[in-house]
There are 4 protein chains.
Amino acid sequence: MSLRETITNIESKNGRRFDIVIQILIVLSLLAFSIETLPNLSEQTKEYLYYFEVFCVTIFTIEYLLRFIFAKKKLGYVFSFYGIIDLLAILPFYLSFGIDLRSVRIFRILRVFRILKLARYNSAIDRFKKAAFSAREEIVLFAIITGILLYLAAFGIYIFENEAQPEKFASVFHSLWWAVSTLTTVGYGDVYPVTMGGKIFTFFILIIGLGIVTVPAGIVASALSNSVKKKSD
Amino acid sequence: MSLRETITNIESKNGRRFDIVIQILIVLSLLAFSIETLPNLSEQTKEYLYYFEVFCVTIFTIEYLLRFIFAKKKLGYVFSFYGIIDLLAILPFYLSFGIDLRSVRIFRILRVFRILKLARYNSAIDRFKKAAFSAREEIVLFAIITGILLYLAAFGIYIFENEAQPEKFASVFHSLWWAVSTLTTVGYGDVYPVTMGGKIFTFFILIIGLGIVTVPAGIVASALSNSVKKKSD
Amino acid sequence: MSLRETITNIESKNGRRFDIVIQILIVLSLLAFSIETLPNLSEQTKEYLYYFEVFCVTIFTIEYLLRFIFAKKKLGYVFSFYGIIDLLAILPFYLSFGIDLRSVRIFRILRVFRILKLARYNSAIDRFKKAAFSAREEIVLFAIITGILLYLAAFGIYIFENEAQPEKFASVFHSLWWAVSTLTTVGYGDVYPVTMGGKIFTFFILIIGLGIVTVPAGIVASALSNSVKKKSD
Amino acid sequence: MSLRETITNIESKNGRRFDIVIQILIVLSLLAFSIETLPNLSEQTKEYLYYFEVFCVTIFTIEYLLRFIFAKKKLGYVFSFYGIIDLLAILPFYLSFGIDLRSVRIFRILRVFRILKLARYNSAIDRFKKAAFSAREEIVLFAIITGILLYLAAFGIYIFENEAQPEKFASVFHSLWWAVSTLTTVGYGDVYPVTMGGKIFTFFILIIGLGIVTVPAGIVASALSNSVKKKSD
């Protein structure tokens, strides 16, 4: 009975302890996974990392089986959001005969979201959902306008720059890369207009565009702040 | 009667279906148009794209004629916002004898805005209009200040950098390009100050400028969020 | 009496007309001034630009004298904000014997602010003043924190990068340039960390810094939006 | 009795004067410290800077001793926030036998925060604390989501770009640098995707990411503005 509670009831003392251990293990396994991508690793290190991976998968598999056994609705757990993620976190290890499925392990990061349960951020998530829901039409509207703007920007700069820089602005699709990196103000500097017309076009697109691209984040922030305020009133 | 309703009444079942088909066709024709700009297309592909364009224009022409026939005020439709766009979407095809009018086809993207009708975003658009209207004086005020700031920044950097980089900061107009890419924080890296004076000037312009350039978007976002809040209260 | 009203009363019909003409002349004289900075101008163009400058200064001088004559408190006008700017707009022309005072003409741009009078943006400016005033303590607080942050960022990156890039991060002052271009997210790409330590430092500075540097603009925008809302309630 | 008041009571006339002098000295000592980092300093300048440092440390030491003597709870002062900083500001000078502890002097900048006391920004700091506290769950939630997003972005770009740019995207850790400089929109231009897949991935990460990374600052700004509004209502 105690084990069942440890696994399923995050509110209990042992349940919290268990979850903290699992969370730490998830973060460590992601770290190990990232270290594996480093070039020039010694065979020794690779071996250690493999042992650690086996250890993690063992724990995660036991956890998965226990959650399955203790679940009231077994199929409900298997097909729940966390049920699928828990499975994806261990499956690649068992299936990796020949083909390289290691990348699927990245889904383990989604398990990190469980930390929010642990930290009791349910009310904050609820407020965020409500804020996003109440402003959903505005967000979709601005997403559509942003999409149209990006396409128009890409098309316009293609007209102006294609002749001068046929490599970098080879097509509307190539120009979309410029549109994205400009309107998000990242500006890597790998593509930029060189013609007078292209620069003037960029000027207007930026002046108009910034007032559009940054609005959705502003709406979310403002709506969230309102719901925080309502709470504290 | 059924055909008339399909064309003119977007609220009816058939009207919605018809509009969805047209919207998909618009997006596909824009995609085809973008593919045409790709370099090194085979003759085969070009032919297919041409056939698809003929198909699209045929459908759009039939749609235009039907909208014209079924419109209560025929001239009212022809000179309405969507009436002009609908015509611009097909006209270039018929007029392209000799001169290259293909670029005009880009106006088709404006037809995408019809999708907002379909998705019943009227209330969101109304709220946006109200928010923009109630803050119009602030937006215009900041637009003027931004304009003045850009000019002052361009002039200032010209004074500082013209001697050190006579190519890149050849005149106030050339310096405007720097002012735009800096104050919008894009920062491509094609032009930047190298003198001590220019760097200190950039420092102050950025500290002051960011607090001005980003304000209009913030006002719109905040005003929108207020109108969303009012709705949900 | 009519001339007096034209000059001093912007609310009258003739006063508005007069102000629009002066505004257009200011913008044209700034444009001429910018064209003068273009390299490789023909002697012909230079001559035309000089004639236009003489014309502008003549008009501005007459305007200044009339404003002085019609002013109720003559000294009050001379030492008022616009009085000083009006003088700075013409003085360089008369004083330019030998020394090059052309740059002082840039102050003419401040005359552009008069356009706000014309467009009756007084209430918007008032709301802006109130918003800025009510949030002045927050703005100063964040300005001080931003200053401290910039200095700490410059110092930190100097410690990490000085050895690896002794040219670009030669001193704390050189590093300040990096701090400004990074924390404002301009990121020209002329200076960036290359060491592991410098990159990790940049990571933390950016995560913390963005949440500080962008706050003042957000406060102004939000305060403005609140005052707009109060108006419309 | 007067000396005690000067040191401990910032509200008194002499207390304010004393604090202003100390503040100026702190800023000057930081400036001197920054000048020391300049390359190619003459021996003469180095000597002057050393003398000034001795002078500053003498004053700061006397100040520290006086604060200690006049403190009601002596240990309370020594282990208070400002007590530790005051000590760190002078200690490196006395300990620098052999090992180079000069860098520790940077902590002196934290003494600059005392300026806020002087300028009576207590209410603004209080409002900021309240705003940050009331929105603390949202800020932590978005900090966690930002962390997860950065990791996912780094991992994704590693998958796409590792083969094409094995140097720049050598591992997930190397890719994190790209993720940070992209999602904060700094975009130095030292690393950027070159493959089609990497660019499309960047597109989606940026569209989603900007709406997340910029939200915390927006929440703080909006919450602050609300508390400013409440004050003025």
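Where residues in the range A:215-229 are more than 7 Å from chain D (Cβ to nearest Cβ) and at pLDDT 75 or above, which of them is farthest from B:Thr214 (Cα to Cα)?
For the range A:215-229, the residue satisfying everything is A:Ala223.
Does any residue in the range A:17-42 that is within 10 Å of another protein chain (Cβ to nearest Cβ) come within less than 7 Å, Cβ to Cβ, of a residue that is at pLDDT below 85 six or more places away or on a different chain, and which pairs are these?
Going by the 7 Å Cβ cut-off, the qualifying pairs are A:Leu30/A:Arg108; A:Leu30/A:Ile109; A:Phe33/A:Arg105.
Given the condition assigned to a helix (DSSP H, G or I) and farther than 30 Å from B:His174 by Cβ, answer yes or no: does some residue in the range C:40-58 qualify?
Within the range C:40-58 (the criterion being assigned to a helix (DSSP H, G or I) and farther than 30 Å from B:His174 by Cβ), the answer is yes, since at least one residue qualifies.
Considering only the range D:132-145, I want to know if a residue exists there that is under 25 Å from the mean Cα position of the chain (by Cα), over 21 Å from C:Leu183 (Cβ atoms), charged (D, E, K, R) and surrounded by 22 or more Cβ atoms within 10 Å (Cβ to Cβ).
yes
Out of (1) of a type in the set (Gly, Ala, Ser); (2) within 7 Å of chain B (Cβ to nearest Cβ); (3) farther than 23 Å from A:Gly211 by Cβ, the odd one out for A:Ser134 is which?
(3)
Going residue by residue through the range B:193-212, is there one that turns out to be polar (S, T, N, Q) and more than 8 Å from chain C (Cβ to nearest Cβ)?
Yes, the range B:193-212 contains a residue that is polar (S, T, N, Q) and more than 8 Å from chain C (Cβ to nearest Cβ).
With respect to A:Ser42, determine if the residue is more than 22 Å from A:Ala71 (Cα to Cα) and touching a Lys or Arg at 6+ places or on another chain (Cβ under 7 Å).
no
Scan the range C:183-192 residue by residue and report those that are more than 7 Å from chain B (Cβ to nearest Cβ) and farther than 20 Å from D:Phe128 by Cβ.
Those that are more than 7 Å from chain B (Cβ to nearest Cβ) and farther than 20 Å from D:Phe128 by Cβ: C:Val191, C:Tyr192.
Look through the range D:176-233, keep the residues that are free of Cβ contacts under 8 Å to residues at least 24 places away in the same chain, charged (D, E, K, R) and part of a helix (DSSP H, G or I), and return whichever of them is nearest to A:Tyr192 (Cα to Cα).
Ranking the qualifying residues of the range D:176-233, first place goes to D:Lys199.
So C:Ala170 passes all but one of these: (1) of a type outside the set (Phe, Trp, Tyr); (2) at pLDDT 85 or above; (3) in a helix (DSSP H, G or I). Which condition number does it fail?
So the condition that C:Ala170 fails would be (3).
Taking only the range B:186-205 into account, find how many residues are buried (at least 24 other Cβ atoms within 10 Å of the Cβ) and at positive phi.
Here the count works out to 1.
So which of B:Ile35, B:Ile26 ends up being among the aliphatic types (A, V, I, L, M), in a helix (DSSP H, G or I), touching a Ser or Thr at 6+ places or on another chain (Cβ under 9 Å) and under 26 Å from A:Ala170 (Cβ atoms)?
B:Ile35
Residues of the range D:151-182 being more than 9 Å from every other protein chain (Cβ to nearest Cβ) and crowded, with 21+ Cβ neighbours inside 10 Å, which ones?
Residues satisfying the conditions are D:Ala153, D:Ile157, D:Phe160, D:Glu161, D:Phe169, D:Trp178, D:Ala179.
Test D:Gly211 against the stated conditions and say whether it is buried (at least 24 other Cβ atoms within 10 Å of the Cβ) and either within 21 Å of C:Ile212 (Cα to Cα) or modelled with pLDDT of 90 or more (or both).
Judged against the criteria, D:Gly211 is not a match.
Sort out which residues of the range C:75-108 are surrounded by fewer than 14 Cβ atoms within 10 Å (Cβ to Cβ), at pLDDT 85 or above and assigned to a helix (DSSP H, G or I), and write them in order of number.
Passing the criteria: C:Leu75, C:Gly76.
Scan the range A:1-21 residue by residue and report those that are buried (at least 17 other Cβ atoms within 10 Å of the Cβ) and within 25 Å of D:Tyr151 (Cα to Cα).
Those that are buried (at least 17 other Cβ atoms within 10 Å of the Cβ) and within 25 Å of D:Tyr151 (Cα to Cα): A:Phe18, A:Asp19.
The values are calculated or read from the model by the stated rules, or taken from the named source; none is laboratory data. As the structure is a prediction and not an experimental result, all values here were calculated from the model. In this analysis, Cβ positions are derived from the backbone assuming ideal geometry, glycine residues included, and neighbour counts consider all displayed protein chains.
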